[in-house]
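The values are calculated or read from the model by the stated rules, or taken from the named source; none is laboratory data. Keep in mind that what you see is a predicted model, and the values were worked out from it rather than measured. Here Cβ is always computed from backbone atoms with ideal geometry, including for glycine, and neighbour counts include all displayed protein chains. Remember, those area values only see protein heavy atoms, side chains included, never the ligands or the DNA or RNA. Shrake-Rupley method; radii C 1.70, N 1.55, O 1.52, S 1.80 Å.
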Amino acid sequence: PPLGADRPALPPGSPILLRFSTRALGAEPQNWAIAQDRRGLLYVGNSSGVLEYDGARWRLIPTRERTCIRSLALGRDGRIYVGAQGEIGYLAPDGLGQMAFVSLKDQIPLEDRDFADVWSTLATPWGVCFGSRRRLFLWAAGHLRVIRPETSFHLAFALGDRILVREAGL
């Protein structure tokens, strides 16, 4: 069922707020990003990994290197894309049908793997952009392109079919 379908309707003007303890989450208290898939499930970028919430239960999906998740995006292909500390990838069903993290790090040339936090994950009409200060990674049609800054990148944003990114000192 869609998230919240079993909850009664709130009177107009009521705040919509649910609070969860770290015990209920089974993860760290710091959350960095949130996305919702086409089924209505919520995904939260947490310091422990990706948290999946089906409206009743939380489940932790760790990355391969068990890093902090800084950014999430729902791609046009329906996948949740994940930007983490030194890692990029997406969620896909495993052999049991549960969502698992699929790393794209093996697609990155060795000399470009020295990036840190991926603060921006952006879904565009032509692919997904993962933005860190040291690199931009463009993932489209199963291929990864790397863009290096002259100085360092700041946050990246999607505007229509364009990616906007500020580069320090330019």
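Over 18 Å from the mean Cα position of the chain (by Cα) and at pLDDT 95 or above: does that describe Val146?
Details: over 18 Å from the mean Cα position of the chain (by Cα): yes; at pLDDT 95 or above: yes.
The answer is yes for Val146.
Condition check for Trp126 on (1) farther than 22 Å from Trp32 by Cβ; (2) at pLDDT 95 or above; (3) among the aromatic types (Phe, Trp, Tyr): one failure, at (2).
Within segment 98-119, is there a residue that is open to solvent by less than 10 Å² (accessible area, probe 1.4 Å), under 21 Å from Leu159 (Cβ atoms) and among the hydrophobic types (A, V, I, L, M, F, W, C)? Yes: one or more hits.
What single numbered condition from (1) surrounded by 14 or more Cβ atoms within 10 Å (Cβ to Cβ); (2) assigned to a strand (DSSP E or B) fails to hold for Thr67? Condition not satisfied by Thr67: (2). Scanning segment 15-47 for residues that are among the small types (Gly, Ala, Ser) and open to solvent by less than 30 Å² (accessible area, probe 1.4 Å) yields Ala27, Ala33, Ala35, Gly40, Gly45.
Annotation: of all residues in segment 134-146 being of a type in the set (A, V, I, L, M) and touching a helix residue (DSSP H, G or I) at 6+ places or on another chain (Cβ under 8 Å), the one that is surrounded by the most Cβ atoms within 10 Å (Cβ to Cβ) is Leu144.
Please go through segment 147-161 and give me each residue that is touching a strand residue (DSSP E or B) at 6+ places or on another chain (Cβ under 9 Å) and either open to solvent by less than 60 Å² (accessible area, probe 1.4 Å) or free of Cβ contacts under 8 Å to residues at least 12 places away in the same chain (or both), ordered by number. Can you show your working first?
If we filter segment 147-161 for residues that are touching a strand residue (DSSP E or B) at 6+ places or on another chain (Cβ under 9 Å), which is where we start, we get 147-158, 160-161.
Residues satisfying the conditions are Ile147, Pro149, Ser152, Phe153, Ala156, Ala158, Gly160.
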